[in-house]
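Have a look at the structure below, then the notes.
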Amino acid sequence: MRHGDKINNLSRTAAHRKALLSNLANALITNKRIITTLAKAKALRTYIEPLITKTKKNETKEQIMHNHRLVYSHLQNKEAVKELFTVVAPKVAGRPGGYTRIIKLGKRIGDNAETALIELVDFNEVYVKGTDKAAAGATKRTRRAGSRKKAETKEEAAPVEVKSDAATPAAEEAKPADEPKAE
């Protein structure tokens, strides 16, 4: 029976697995995305997401120091901890979880292992919603509603213009010949 055997051992001893996940987490924090095997990426997700959550729970100075020490005990890298608390934490402050994304890349040529790209969600400019538009204060619009609004404004404006032209047909004939007509 496999009751409570939830962790993927990755065919490594506990010390080797701890070092592997720590190194992968340091690389992910500093580079924002890494390519590894699918099994390692899934194990890394369960390892790093609680660490990122610890960076958000900072109300008092004692809690801040305590969380720094807890995260450092897992990562053992001062630069990665500093990057996590100063760069990553403000970006993920509004996100309730799911800080990483795993994208399958296919099989590796050498050993046919399933590879995957794991990245921090808020640091991918392609998938981040409304980076420039949200800063500019623009609202999200659908194509259909936008075209309907444009058509309604043209219909409202067109009768006013037609009435002014229809009221003075002689004015159109009196225009000088050197002005080109709009087609």
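Tabulated data
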{"read-out": "Residue under evaluation Glu59, criteria (1) among the acidic types (Asp, Glu); (2) modelled with pLDDT of 95 or more; (3) exposed (fewer than 15 other Cβ atoms within 10 Å of the Cβ), criterion not met", "value": "(2)"}
{"read-out": "Test: residue in the range 117-127 that is at negative phi and modelled with pLDDT under 80", "value": "yes"}
{"read-out": "Some residue of the range 117-125 being farther than 19 Å from Asn23 by Cβ and buried (at least 16 other Cβ atoms within 10 Å of the Cβ)", "value": "yes"}
{"read-out": "Qualifying residues in the range 1-54 (those that are in contact with a Leu (Cβ under 8 Å, 6 or more places away or on another chain) and charged (D, E, K, R)) - the one surrounded by the most Cβ atoms within 10 Å (Cβ to Cβ)", "value": "Lys40"}
{"read-out": "Only listed residue being surrounded by 16 or more Cβ atoms within 10 Å (Cβ to Cβ), under 30 Å from Ala113 (Cβ atoms), without any contact (Cβ under 8 Å) to a residue 24 or more places away in the chain and under 25 Å from the mean Cα position of the chain (by Cα), chosen from Val88, Val71, Val81", "value": "Val71"}
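The values are calculated or read from the model by the stated rules, or taken from the named source; none is laboratory data. Note that the structure is predicted; figures quoted are calculated from it, not measured. All Cβ positions, even for glycine, are placed from backbone atoms using ideal geometry, and neighbour counts span all protein chains on display.
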